[in-house]
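Everything below concerns the one structure shown next.
Just so it is clear, none of the values below were taken in a lab; they were calculated from the coordinates. Just so it is clear, the structure is predicted and the values come from calculations on it, not from any experiment. Cβ atoms come from the backbone with ideal geometry, glycine included; neighbour counts cover every protein chain shown.
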Amino acid sequence: MVQYSTGVLIGSSEDVAHEVQEKTASLGICLLNKKLIKLKYEVFYREYFGFFCGPSHPLFGKRRLRLRDLREYSAVSFGTDSLQDSLRPVAQFRLKHRLDHNIIGHSTHLEEVRRMIICGLGIGPLPIHAVARDVRDGILWRLPPYKKTPLVDIHLVTNPTKRQSRAEIKFVAALKGELAKIPFSDRIYSELVDAPAS
């Protein structure tokens, strides 16, 4: 997400960081692979990624699954799920557990990846906290792993060299002020949301 003086724009993490670096945006909230020179970064929150499938998938509703049970199935993921991009932790996890083959669908938008998983195109990673309600409603099924899942930090990105309007200065200060009031431990989402009972 990018905050402009004229409003908000949703874009890829790379685009967000670029807009802040080029001083066309007041701030950004995004994933991060590498830090760009001259930008300031602050961890906004930390989220864990789990793997999920939709109701028509053969693994839906199955318990006592192991990671190796996922290997034979097609997958979908984010366009940034690569060793060179912002979802590097997810890509590393896939590689380590041999889940990195047969990815048949990509998107840079969470809602699109979620839709591909729900419609049965393949299994895929999603932020666990963001889809907890879908799991409770029976739209998604949580797959292993249930612990030691890939974690990703979401950053608040600003450019100290950008000249800002009074409104932008106040907005950024208010946002950082609110962040300062919340201990980092309270800005970490749980990885244990809706893991199926054995």
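Where does each of VAL20, VAL43 land when they are ranked from fewest to most other beta-carbon atoms within 10 angstrom?
Going from sparsest to densest Cβ surroundings: VAL43, VAL20.
For region 47-151, the gyration tensor built on C-alpha atoms gives a rounded shape. Its axis ratio a/c (a ≥ b ≥ c) stays under 1.5. Which of LEU126, LEU175, LEU67 ends up with the largest GNM mean-square fluctuation for the chain, with Cα atoms connected below 10 Å? In the Gaussian network model the winner is LEU175. Within the listed set PRO89, PRO145, PRO160, the residue fluctuating most in the Gaussian network model of the chain (springs between alpha-carbon atoms under 10 angstrom) is PRO160.
Entry note, the chain: relative contact order of 33 percent, from Cα contacts under 8 Å with a spacing of 6+ residues. Relative contact order of region 63-131, taken over Cα pairs closer than 8 Å and 6 or more residues apart, is 37 percent. Cross-link partners of LYS181 among lysines, defined as those whose alpha carbon lies under 30 angstrom from its own and excluding same-chain residues fewer than eight positions apart: LYS23, LYS34, LYS35, LYS38, LYS40, LYS147, LYS148, LYS162, LYS170. Of all stretches in the chain that contain no GluC sites (Glu not before Pro) in a DSSP loop with at most 13 other Cβ atoms within 10 Å, the longest one is 73-198.
How large is the charge dipole for the chain, taken about the Cα centre, if only the Cβ atoms of Lys, Arg (+1) and Asp, Glu (-1) carry charge, to the nearest 20 debye? Here the size comes out at about 560 debye. Annotation: the residues ASP186, ASP69, ASP81, ASP134, sorted from fewest to most other C-beta atoms within 10 Å of their own C-beta, follow the order ASP186, ASP69, ASP134, ASP81. Here, P(r) means the percent of Cα pairs in each 5 Å bin from 0 to the largest distance; for the chain it is 1, 8, 15, 18, 18, 14, 11, 8, 5, 2, 1, 0. Among complete DSSP H helices in the chain, those whose alpha-carbon atoms stretch at least 18 Å along the helix's long axis and whose mean Kyte-Doolittle hydropathy reaches -1.0 are 166-181.
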